[in-house]
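*Asks:* My questions all concern the structure below.
Nothing in this text is a laboratory measurement; each read-out follows from the coordinates by a stated rule. Just so it is clear, the structure is predicted and the values come from calculations on it, not from any experiment. Every residue, glycine as well, gets a Cβ built from its backbone with ideal geometry; the counts of neighbours run over all protein chains shown.
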Amino acid sequence: MSWKSSLPPDLVLKPMIESTTKEVHKMLEAFKRREPCKLYFNRPVSATAGADFMRGYLTVIKQPMDLGTVTRKLEEDSKRPADEKHYQFLEDFACDCRQIWKNALVFNEPRGKPEPNKPGSPAYIFDHASKLASDFE
């Protein structure tokens, strides 16, 4: 079931026309240059994590997403007809980006005893994902 099926029938979605796609690319590149994104969100978790970590991650996260995959989808869309694009609407792009932040928040949610908020810790990633989610909106 698509996320679109739960929308009110009178809602007008914003199509990904060329000017919208250019703006989205600019925003995406700006996010990818930010320090937490460079470290944690630009590549699939599988590209940066060991096998044990991945088993735990994929047990919790059912829809992995990262900024590199979003970039690849945008690039593929430039070669596709409109009805075959990954991102036919701005909301499709936003849905994938929100999935990145949601995954990070769910997987790194504080549990039990508070941890030190140092780079690479779940608390650090959780805090940065919260900030990125807020900045994205």
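*Asks:* Given the pairs LYS38/LYS131; LYS79/LYS102; LYS85/LYS131; LYS102/LYS131; LYS22/LYS85; LYS32/LYS131, which are separated by over 19 angstrom at their Cα positions?
*Replies:* Result: LYS79/LYS102; LYS85/LYS131 exceed 19 Å.
*Asks:* Still on this structure, I have one more. Which parts of the range 92-107 would a label at ALA123 reach, counting a residue when its backbone N lies under 18 Å from a point 7 Å out along Cα-to-Cβ?
*Replies:* The answer is 105-107, whose backbone nitrogens lie closer than 18 Å to the label point.
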